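Written out below as structure tokens is the structure these notes cover.
The values are calculated or read from the model by the stated rules, or taken from the named source; none is laboratory data. Nothing here was measured: the structure is a model prediction, and the numbers come from that model. FYI the Cβ positions are ideal-geometry reconstructions off the backbone, even for glycines, and counts take in every protein chain you see. When the accessible area is computed, the model is the full protein with side chains, heavy atoms only, and any ligands, DNA or RNA have been set aside. Shrake-Rupley method; radii C 1.70, N 1.55, O 1.52, S 1.80 Å.
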Amino acid sequence: MSKKGLVCEGGAMRGIYTAGVLDVLMENNIETDMLMGVSAGACFGCNYISGQIGRTIRYNVKYAKDPRYCSFRSLFKTGDIYGYEFCYHELPEKLDPFDFESFKKSNREFYVVATSVENGKAVYIKLENMDRKDMEWVRASASMPMVSNTVIIDGHKFLDGGIADSIPVEAAMNMGFEKNIVILTRPEGYQKKPEPLYPLEKIKYRHYPEFLNTLAHRHEDYNRELEVVKKLEDEGKAFVIRPSELPEAGRIEHDPEKLNSTYLLGRKDAEAALEGLRNFLKDE
């Protein structure tokens, strides 16, 4: 029996599309052996492991305009556009509790991807219980360059996993997950362009040449990964769910209606894919 994975790319608040897909998968008992999340894919994907249908859209809509959650005020005061204490402690521990016990009891593996600022390479970390250190790995995976502080774990510096590996389906296959569902947050035909902020990144991260090299080639790596995904899809080794139209939510989104629209798009696309997805997951 082949091991099955679920790979969720990032995209900041566009990741609310992924939340819609994951809720439909949970409602229809579509289970995989593993989920590997990048950035928003990690932040929202953990709810698939804990089985919390509706949690992602609920708290994102409720706190979309709260400056403690995501704001330039937070960026100027703390160095993080997404508030550290609010997002990674107050929210999951008190305001809309994450089900830590269900997460720990799950028999599914959960990996997050972060990028080493020191060498520019991706790291793939298996999280077991979502304790404070695990939360730091989730935060590292979602810490976008230029608008986030580097996250220091065990003396090493990390940022957004999407810098080094935006769509880690090859990493999942190397771990032995032969068939993978891949959730993308961009419509078919999208191609990433060079980062317009790279001149500023060169200044901010000037002491980390390998990291800068990864940033400089990020768009090329991303577009190559899209080619890999398409090849695996054609070979029957990947089942891809992507937006059927342009999502309304942007990377930084404060409009609850746009968030809800993007979430509903994810639900619609997932529901349309259910029959094909079930056939894909069957072992021959």
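Structural remarks
- Considered as a group, the residues in region 201-253 that are open to solvent by 30 Å² or more (accessible area, probe 1.4 Å) and among the polar types (S, T, N, Q) include one that is nearest to Ile181 (Cα to Cα), and that residue is Ser244.
- In the set (1) open to solvent by 10 Å² or more (accessible area, probe 1.4 Å); (2) more than 15 Å from Asp99 (Cβ to Cβ), Gly54 fails one condition alone, (2).
- Checklist (1) of a type in the set (Gly, Ala, Ser); (2) under 10 Å from the mean Cα position of the chain (by Cα); (3) open to solvent by 10 Å² or more (accessible area, probe 1.4 Å) applied to Gly45, failing item: (3)
- Taking region 164-203 as the range and being in contact with a Gly (Cβ under 8 Å, 6 or more places away or on another chain), under 18 Å from Arg251 (Cβ atoms) and not hydroxyl-bearing (Ser, Thr, Tyr) as the test, the residues that pass are Ile183, Arg186.
- All of (1) buried (at least 16 other Cβ atoms within 10 Å of the Cβ); (2) within 20 Å of the chain's Cα centre (by Cα); (3) closer than 23 Å to Ala249 by Cα hold for Asp33 with one exception: (3).
- Ser141 being closer than 27 Å to Gly5 by Cβ and either β-branched (Val, Ile, Thr) or in contact with an Asp or Glu (Cβ under 9 Å, 6 or more places away or on another chain) (or both): yes
- Sole residue being open to solvent by less than 10 Å² (accessible area, probe 1.4 Å), in contact (Cβ under 8 Å) with a residue 40 or more places away in the chain and hydrophobic (A, V, I, L, M, F, W, C), chosen from Ala172, Ala164, Ala142, Ala122: Ala172
- Ile125 being of a type in the set (Val, Ile, Thr) and farther than 30 Å from Leu200 by Cβ: no
- Applying the criterion of being assigned to a helix (DSSP H, G or I) and among the β-branched types (Val, Ile, Thr) to the residues of region 177-227, the residue that is nearest to Ala270 (Cα to Cα) is Thr214.
- Filter pass, Asn119 being part of a loop (DSSP other than H, G, I, E, B) and of a type outside the set (Val, Ile, Thr): yes
- If the condition is being out of contact with any Leu (no Cβ under 9 Å at 6 or more places or on another chain) and assigned to a loop (DSSP other than H, G, I, E, B), then region 43-67 contributes Gly51, Gln52, Gly54, Lys65, Asp66, Pro67.
- Any hit, region 74-82, residues being of a type outside the set (D, E, K, R) and part of a strand (DSSP E or B): yes
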